[in-house]
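The values are calculated or read from the model by the stated rules, or taken from the named source; none is laboratory data. Here the structure is a predicted model, which means the values were calculated and not measured. A quick note on method: Cβ atoms are made from the backbone with ideal geometry, for glycine too, and the neighbour counts reach across all protein chains shown. Accessible surface is based on the protein model in full, side chains and every heavy atom, while ligands, DNA and RNA are left aside. Shrake-Rupley method; radii C 1.70, N 1.55, O 1.52, S 1.80 Å.
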Amino acid sequence: MTLKRLIPYVVVFLILAGVYGGLRWRQEKQIARDEQAKQVFHLKESDLSDLTLVRGKDEIHLIKKDQVWRLTAPLDTQADQTVVDSMLTTLARLRMERDLGVEKDLKPFGLDKPGLVVKFTAQGKPHQLAIGNKVPGDQNYYVLRDQDPHLLTIPMGSKDSLDRQLLALRDKTLLPFILGEVKGLKIKNPKSTLALEKTGPQTWGWVGRPDFQVRGDRVEKLLRDLHIARAKNYLEPIPNKLEPLGLDPDHRTEITVATSAGDRTLWLGAKKGDAVYARLGAGGAVVLVDASLADEAAKTMASLEDHRLWSGAIAAVHQVVWGPPGNTWTAQKDQESWKITGPDQAATQQPAARLEMALWNFQKLEGEKIKPPKDAPKGPPVFVLDLLDQAGKSLLHLEEIGAKGKDRPAVRIGEGKSTTIAFIPLAPFRQWQAEMQRLTVAAEPAGPAGEKGESDKESKK
């Protein structure tokens, strides 16, 4: 086909493409206009400066100050920012489902005395949304916007997002603190007092008891639980007598978190179902919180001492040596795997996750630690374990040296003056040794010239 014959086709194609593009542009503009017309309010979340929920004679009033929302009526306290933000998003994106036109008689629609009126100010202009009855046989609600006489309907989900009770709007944080700023923790009950200070990123010490080894991971868990704990309900007004709630000095547990910004104290009292009574310090609100928080505090106090054979960082381990003396296996870390060699130069390789899981299981082993007594087992070790870092420095040296009875193996931890004897439960220790042995199952001895065994050669034929 010649160029002259192609030109008319190209012209027709360009005209059609232009017409199609124009139609698409007009269609998209029309869709945008339709969507804009369906919006109940034309505003952004950041435009709102106050918000009021009116239910008959009852009002809940909130204001925004320094970008933070606060309740001012019926009480003065901080609001739940997440809940308020969701309400603001609903108002900014609220769409009508239908415009039913002007209705003079509003009683059939529940709008003569609306159950909820949402009032707010956006960019200095007052607005309101009156919400009436549910549309029969539908998932929508009748509403009136500002002074507009047109009866509109909005989705049920939007109505539910705006219809918030006081409890939902209150900030339910029990102890407002930043985890990274915690310096100490104090737990006090009528029987004892525990004062802890942070000594490192994940380590803790008992104030006045430098020789006591604290389970830092359990302290950190309690702090995380305190940080995310929320009130389930508020007791209003605050009861005059705290003894029936277990919040009097003779019964309560006091938890104080010390931070660089100041101390925060929480009282925990008696149980009520699956909750416990609590108070946010001496002058704070009385609330109900999940009973698991009190259980975790009691568990931390009861199991604070670190009985683990080793509590170091698994990530720091780059070499592991284990087994009977003279017949040990060595695992060397190599990026995403561990190279394992053993007696007769037997060799294998395991994914990093497998050996690190074994180290994690070893870290769970606990024992009764004592300074070496005169009658401690002194025979040759039957099993050794060495953990070394990347530079070859020892992180742990452990020897199984005997037993206390039939079910309490004795292990010696450390060397020289820092040696400790620990008696550990037999079953979990043997299970861990079996786990380490399974890591070597695929190993094959090398041939005389450093070649692999016959089974490997056969596999290549």
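For the criterion of being over 29 Å from Leu194 (Cβ atoms) and in contact with a strand residue (DSSP E or B) (Cβ under 8 Å, 6 or more places away or on another chain), Lys369 fails.
Yes or no, residue by residue, for (1) within 34 Å of the chain's Cα centre (by Cα); (2) of a type in the set (A, V, I, L, M); (3) at pLDDT below 80; (4) within 30 Å of Asp407 (Cβ to Cβ):
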site	(1), (2), (3), (4)
Leu359	yes, yes, no, yes
Gln363	yes, no, no, yes
Glu366	yes, no, no, yes
Pro381	no, no, no, yes
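Residues considered: Leu247, Leu175. Of these, the only one that is in contact with a Gly (Cβ under 6 Å, 6 or more places away or on another chain) and assigned to a loop (DSSP other than H, G, I, E, B) is Leu247. Number of residues in the range 226-259 that are in contact (Cβ under 8 Å) with a residue 24 or more places away in the chain, open to solvent by 40 Å² or more (accessible area, probe 1.4 Å) and within 22 Å of Thr193 (Cα to Cα): the value is 5.
If only residues of the range 45-76 that are surrounded by fewer than 12 Cβ atoms within 10 Å (Cβ to Cβ) and more than 26 Å from Pro176 (Cβ to Cβ) are counted, the one that is modelled with the highest pLDDT is Asp58. Among the residues of the range 216-231, those that are out of contact with any Lys or Arg (no Cβ under 8 Å at 6 or more places or on another chain) and within 19 Å of Ala294 (Cβ to Cβ) comprise Val219, Glu220, Lys221, Leu222, Leu223, Arg224, Asp225, Leu226, His227, Ile228, Ala229. Criterion applied to Lys198, Lys271 was being closer than 22 Å to Leu167 by Cα, of a type in the set (Lys, Arg) and without any contact (Cβ under 8 Å) to a residue 40 or more places away in the chain, and the one residue passing it is Lys271. For Glu454, state whether it is modelled with pLDDT under 85 and touching a helix residue (DSSP H, G or I) at 6+ places or on another chain (Cβ under 8 Å). So Glu454 fails the test. Taken together, Leu174, Leu194 contain a single residue that is surrounded by 13 or more Cβ atoms within 10 Å (Cβ to Cβ), at pLDDT below 95, more than 30 Å from Asp76 (Cβ to Cβ) and in contact with a Leu (Cβ under 8 Å, 6 or more places away or on another chain), which is Leu194.
For the range 177-189, taking the residues that are more than 27 Å from Pro237 (Cα to Cα) and open to solvent by 30 Å² or more (accessible area, probe 1.4 Å), the one that is farthest from the chain's Cα centre (by Cα) is identified as Lys186. Can you name the residue in the range 104-153 that is open to solvent by 70 Å² or more (accessible area, probe 1.4 Å) and of a type in the set (D, E, K, R) and, of all such residues, is nearest to Arg164 (Cα to Cα)? Among residues in the range 104-153 that are open to solvent by 70 Å² or more (accessible area, probe 1.4 Å) and of a type in the set (D, E, K, R), the one nearest to Arg164 (Cα to Cα) is Lys119. Of the residues screened, Ser86 is not one that is open to solvent by 30 Å² or more (accessible area, probe 1.4 Å), part of a helix (DSSP H, G or I) and without any contact (Cβ under 8 Å) to a residue 60 or more places away in the chain.
Here Leu396 clears all of (1) over 24 Å from Gly216 (Cα atoms); (2) part of a strand (DSSP E or B); (3) open to solvent by less than 60 Å² (accessible area, probe 1.4 Å); (4) not small (Gly, Ala, Ser) except the condition numbered (1).
Only a single item in (1) open to solvent by 40 Å² or more (accessible area, probe 1.4 Å); (2) over 23 Å from His42 (Cβ atoms); (3) under 36 Å from the mean Cα position of the chain (by Cα) is not met by Ala79, and it is number (1).
If you take the residues in the range 189-210 that are of a type outside the set (S, T, N, Q) and outside any strand (DSSP E or B), which one is nearest to His251 (Cα to Cα)? The qualifying residue nearest to His251 (Cα to Cα) is Pro190.
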